[in-house]
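Participant: Questions regarding the structure given below will be posed in turn.
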Amino acid sequence: MAVITPLSAAQIDGIMRAYGMRALRIDPIAEGTTNTLYRLLTTRGRFVLRLTERGGEDDVRRELDVLRRLVGRQVPDVIPAAGGKPFIWAFNKPAVLFKELPGAVVPKASLTLDQLTAVGRWMAELHAVETPEELPPTLYHPASFWTRHVLPEQAPLQALHPEVYEAVAALYEEGHDPAAFDELPQSIVHGDLFTENLLFHREGGPWVVDLETAGRGPRLLDLAIAVFALAYDDAQSAYDPARAEALINGWSTLKRATPEEVERWALALRLTTIRYAFTRAVHFSIRPAIPELRGARDPNEPLRQLKAQSALWGMLAR
């Protein structure tokens, strides 16, 4: 959709010198809406260069800490720069170089049930990785969502997107304390399992990219995000129960849902949906990274999915 910071070949060469290589071919990845991404063929192989446009240094270090713990689990390898630095600064932004992963994005409507089950299994394996207490929380952790994200945007959100603000505020006014998610099983969570972050090819998958929101959090939210993102049939304006069941079955392969997770499943779906309504309002209306992104995604579209979620409420208990 957009390269937020256009870079010339000379500028990319300047960055690549810190990695002891030079680019032979440069292809901008136009689908980026949060960061600037370039696919590079270099003298040492194929890589993806990312300029982090929204997150600061702490967010990048949290992501790289997660990736370090997931080496060999179908996530990108981070290529260190000179001196072993995990990232460098370029144009006052953190720049990270990743080894290019195999496969390609499959449109949501074309994902098979087997592929969705594989996504669920990947989540199960992710959630089984040891999660130290010192690992920073996932970017949109329920316990800090209101104070860290909503309050700084409260005034423009109320003015420009009152429906989204009212949906967020209702979570608290109705006594649904998101901090209660801290009582659920915690793990490393990806936090953004949408189709554009999943790669498949004939040898399988998923290979999973974009771990910018990853960190420590309730594993139930990862499942809720995946169901929200991958099981909704846009043409029918309804959730496809077979797709949701495939994700849940894969996720349950190593550890089934606890009674507490079953109890909070409907709330997890609601919280997830409202989070994406909020981020779309901020990233594509209130504070787009570049003017071309304004209006690119409708923040009210996730809210319309709320009406269809009652069909999913009993699925986790099966």
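The values are calculated or read from the model by the stated rules, or taken from the named source; none is laboratory data. These numbers come from a predicted model, not from an experiment. Virtual Cβ from ideal backbone geometry, glycine too; neighbours counted across all protein chains shown. Ligands, DNA and RNA are stripped out before the accessible areas are found, and what is left, the full protein with its side chains, is counted by its heavy atoms. Shrake-Rupley method; radii C 1.70, N 1.55, O 1.52, S 1.80 Å.
Participant: Here is a list: ARG256, ARG270, ARG243, ARG297. Which entry is among the charged types (D, E, K, R) and more than 27 Å from ASP114 (Cα to Cα)? Full working, then the answer.
Facilitator: Numbers: ARG256 fails: more than 27 Å from ASP114 (Cα to Cα); ARG270 fails: more than 27 Å from ASP114 (Cα to Cα); ARG243 fails: more than 27 Å from ASP114 (Cα to Cα).
None of the other options fit; the residue is ARG297.
Participant: How do the pairs read when you match residues in segment 271-284 that are within 14 Å of VAL227 (Cα to Cα) with residues anywhere that are among the polar types (S, T, N, Q) and part of a helix (DSSP H, G or I), using Cβ under 8 Å and keeping only pairs 6 or more apart or on different chains?
Facilitator: Within 8 Å, the pairs are THR273/GLN305; THR273/GLN309.
Participant: Residues of segment 1-32 being hydroxyl-bearing (Ser, Thr, Tyr) and at pLDDT 95 or above, which ones? Reasoning before the result, please.
Facilitator: Step one: list which residues in segment 1-32 are hydroxyl-bearing (Ser, Thr, Tyr), which gives 5, 8, 19.
Once the filter is applied, which keeps residues that are hydroxyl-bearing (Ser, Thr, Tyr) and at pLDDT 95 or above, segment 1-32 yields SER8, TYR19.
Participant: So how many residues does segment 106-137 have that are in contact with a Ser or Thr (Cβ under 6 Å, 6 or more places away or on another chain) and either of a type outside the set (Lys, Arg) or open to solvent by less than 70 Å² (accessible area, probe 1.4 Å) (or both)?
Facilitator: Of the residues in segment 106-137, 4 are in contact with a Ser or Thr (Cβ under 6 Å, 6 or more places away or on another chain) and either of a type outside the set (Lys, Arg) or open to solvent by less than 70 Å² (accessible area, probe 1.4 Å) (or both).
Participant: Could you pull out every one of the strands (runs of 3 or more DSSP E) wholly within segment 22-84 that has 2 or more residues that are open to solvent by less than 20 Å² (accessible area, probe 1.4 Å)? Steps first, please.
Facilitator: Working: elements: 23-28, 36-42, 45-51.
Ranges flagged: 36-42, 45-51.
Participant: Sticking with this one: Out of all the residues in segment 288-299, which are touching a residue at least 60 places away in the same chain (Cβ under 8 Å) and more than 19 Å from the chain's Cα centre (by Cα)?
Facilitator: Scanning segment 288-299 gives ILE290, GLU292.
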